[in-house]
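What follows is a single structure, written as structure tokens, with notes after it.
The values are calculated or read from the model by the stated rules, or taken from the named source; none is laboratory data. Just so it is clear, the structure is predicted and the values come from calculations on it, not from any experiment. Glycine also receives a Cβ, built like all others from the backbone with ideal geometry; neighbour counts cover every protein chain displayed. These area figures cover heavy atoms from the full protein model, side chains too; ligands, DNA and RNA do not enter into them. Shrake-Rupley method; radii C 1.70, N 1.55, O 1.52, S 1.80 Å.
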Amino acid sequence: MEKATTNIKNPKARAYFDDVTEGKKPAVQLTAEEYEQGINEFDDGMRKIIAEADEMIFRAKLGDLPEALSFSYIAQKYFGKSRGWLMQKVNGNKVNGKIASFTAANSARPCRI
């Protein structure tokens, strides 16, 4: 997992936020604009880390379950999709440059039982 400060483009702001996240007194001073931009980029970085952690937790909770289930049946019956589509979501594969994951739209779809 990368650091939340990796997204900060301004090297001066990155150094500032690196110091803060490490519990150090910042060695540089930022203007209000640099600070605001840095906070926004740091926030984006934190959101990415949280999303990655959520995916890791999800996969850890599944454990060996994927090997015991018929993903073809689940994908078709409950999502109306292919086994490959479901496996991309479960495994967090990169698809068209983005990490495949379940979204609110996927989970909000009513199940056909």
Electrostatic dipole magnitude of the chain [Cβ: Lys, Arg +1; Asp, Glu -1; Cα centre; debye, to 20]: 740 debye
Selected from Glu41, Glu22, Glu55 as most flexible by GNM, with the chain as the system and alpha-carbon contacts under 10 Å: Glu22
Rounded accessible area of Arg59 (nearest 10 Å², 1.4 Å probe): 80 Å²
Whole-Hz couplings from phi, Karplus 6.51/-1.76/1.60, listed for region 61-70; x for Gly and Pro: 5, 5, x, 8, 3, x, 6, 8, 9, 8
Residues of region 15-30 with amide N under 19 Å of the 7 Å Cα→Cβ point at Ile49: 15-27
Dipole-positive endmost among Gly38, Leu86, Met56 within the chain (Cβ charges, Cα centre): Leu86
Distance in nm between pseudo-label sites at Ala27 and Phe58 (7 Å out along the Cβ direction from Cα): 4.0 nm
Residue with peak Gaussian network fluctuation, the chain [Cα springs, cutoff 10 Å], from Ala32, Ala75, Ala53: Ala32
For the chain, alpha-carbon Rg over 2.2 N^0.38 Å: 1.48
Alpha-carbon radius of gyration plus Dmax, which is the widest Cα pair, for region 27-79 in Å: 20.1, 58
Cα lying deepest toward the dipole's positive end in the chain, options Thr5, Asn96, Ser72, charges on Cβ: Ser72
